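For reference, the structure discussed in these notes is given below.
The values are calculated or read from the model by the stated rules, or taken from the named source; none is laboratory data. As the structure is a prediction and not an experimental result, all values here were calculated from the model. Note: ideal-geometry Cβ built from the backbone for every residue, glycine included; neighbour counts use all protein chains shown. Surface areas here come from the heavy atoms of the whole protein model, side chains and all, with no ligands, DNA or RNA. Shrake-Rupley method; radii C 1.70, N 1.55, O 1.52, S 1.80 Å.
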Amino acid sequence: MQLTGIDLVFWAAGFLAHAVLLVVLWTRHRATVFPFFTTLITEYVVRTITLYFIVHYGTKHQYLLAYLSLGTVDLALQLCVVYELASHIFRPLGKWAPDVRGSFGWLIGGSIIIASALTWLTAPPANSWMRAVLIRGNFFSSVLMSELFVGMIALSATVGLPWKTHVARISQGLGLYSIIGILTEAGHSYLGMDHHARMSANLSYIRISSYLACQVYWIIMLWREAPASLELPEEMREQLAALQRRVEYDLRELRSWRP
């Protein structure tokens, strides 16, 4: 496989940005706060190195197979990151509220069903089944992540929980990139990666450029210290804790009355 000059520039820029982001996560002690996000960025570094060597020493078939396999790992880690961010948002007292956790579970299940249905409806023109799977896999990932982040924003607004600064910055980057991914992968599905190679390459460059912008955004924002959160008065914290215990007690009582 042959890479153009601009392909090499994008690969090098992405690898460098991920390396710098990892340095920021560890030196600024964010890695312990966001372990899944740190693992995802580390996996991206390993993925870049792996695919680079396959491009130079392997075949196109081997590259597509490796890309699909690593893409599955990417999606699993992205779901872990979503759960990690949600745990920071919806556990202000260190414990999930029963109703919020249930709503978040429904959000994940509903998002997977909708993303699967939309992906099934796509019929990307491609010369091989692996390319078709590649297009559909990227589309599914983008739709699922977009739904989850929009749903998390709506759920946090409903229950009145604020977003901490670093959590918000990571979520904003992933959410924006996912939305752009929907648009670019929809273009791939309509045009096909083989039938309109030049247009397909331009769509890929748009997606890569947007992700590079997200990387720079994360590097800057995660380097900065988060503004100190306003501490609740001790009396109010005790009232909130007592209210949470009371709600849990009432829920147990209601369940005990069921036949």
Where trypsin sites (Lys or Arg not before Pro) fall in DSSP loop in the range 1-54, at most 15 other Cβ within 10 Å: Arg28
Residue-by-residue Karplus 3J(HN,Hα) for the range 59-70, coefficients 6.51, -1.76, 1.60, Hz, glycine and proline x: 9, 5, 5, 5, 5, 5, 5, 5, 4, 5, 5, 5
Cβ-Cβ FRET estimate between Ser69 and Glu225, R0 fixed at 35 Å, reported to 0.05: 0.35
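For Ala115, what charge total do you get from the other residues with a beta carbon under 14 Å from its beta carbon, if Lys and Arg give +1 and Asp and Glu give -1? Walk me through the numbers before you get to the answer.
On the way: positive: Arg136; negative: Glu147, Glu185.
So the surrounding residues net to -1.
How long is the gain from Ile179 to Ala201 if the chain were fully straight, where each residue apart is worth 0.36 nm and the alpha carbon distance is subtracted?
Additional length available on full extension: 6.1 nm.
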Within the accessible area of the range 2-85 (1.4 Å probe), percent carbon and sulfur: 74 percent
